[in-house]
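Just so you know, all these numbers are worked out from the coordinates, no wet-lab data involved. Note that the structure is a prediction, hence the values are computed from the model and not measured. Neighbour counts are summed over all protein chains in view; Cβ atoms, including those assigned to glycine, are modelled from backbone coordinates with ideal geometry.
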Amino acid sequence: MRKVLLFLIAAFVFSPVTYSYGFATKGQDCSKCHTLKKEEAEALLKELVPNLKVLDVRQSPMKAAWEVAIEAGGQKGVMYVDYSKKHLFSGSIVDIKAKKNLTQERFQEINKVDVASIPLKDALVMGDKDAKHKIIVFSDPD
């Protein structure tokens with residue numbers, strides 16, 4: 001019985017599943033062996049989401065998965081792909097100790113608008129055009 005138990009433990013520790021799901025040796029950087037390039041992520045996800053563009057791939061805050069920033073239909077979002085490249089999940093990763101929604105922070109980061117890139121040559125200016133602080137208002141008269 002003891003040999004069977006030792007065999008099962010060894011099989012788990014040295015199996016690809018162990019490394020795919022982040023159960024590897026403590027302190028080991030699994031991202032050195034597991035990679036996911038933008039093109040590969042796009043090919044994996046295109047079957048699920050047509051007209052998908054992968055903006056960025058990086059290690060997720062949670063071990064054993066990549067964070068994939070995407071754009072589809074003019075909307076940007078964040079998805080996660082596990083190291084085995086067999087599972088996709090979307091939803092929030094929350095840092096329990098810090099009480100922070102890490103997915104929401106990343107979502108806000110990729111959806112940030114560079115105000116300097118907004119063309120203002122045809123804008124209606126109210127007040128001092130050389131004011132220190134400016135407010136840009138978008139309006140639809142219809």
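What the table shows:
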| quantity | calculated |
| --- | --- |
| Distant alpha-carbon pairs in segment 50-142 (separation over 19 angstrom), percent | 57 |
| Computed label-point distance, nm, for sites ASN101 and ASP29 using a 7 Å Cα→Cβ extension | 3.2 |
| Cα-based reach from LYS38 at 18 Å (exclusive), listing lysines while leaving out same-chain residues under 8 positions away | LYS46, LYS53, LYS76, LYS85, LYS86 |
| Contour minus Cα-Cα distance for ILE135 and GLU39 (0.36 nm per residue) | 30.7 nm |
| Theoretical FRET efficiency, 1/(1+(r/R0)^6), r = Cβ-Cβ of GLU47 and SER92, R0 22 Å, to 0.05 | 0.35 |
| Two-site FRET efficiency, ASP122 against GLN75, from Cβ-Cβ distance with R₀ of 25 Å, rounded to 0.05 | 0.40 |
| Under 23 Å from the Cα of LYS121 - lysines, other chains or at least 8 residues apart | LYS112, LYS129, LYS132, LYS134 |
| Nearby aspartates and glutamates by direct alpha-carbon distance to LYS37 (threshold 20 angstrom, same-chain neighbours under 8 apart not counted) | ASP29, GLU47, ASP56, GLU67, GLU71, ASP82 |
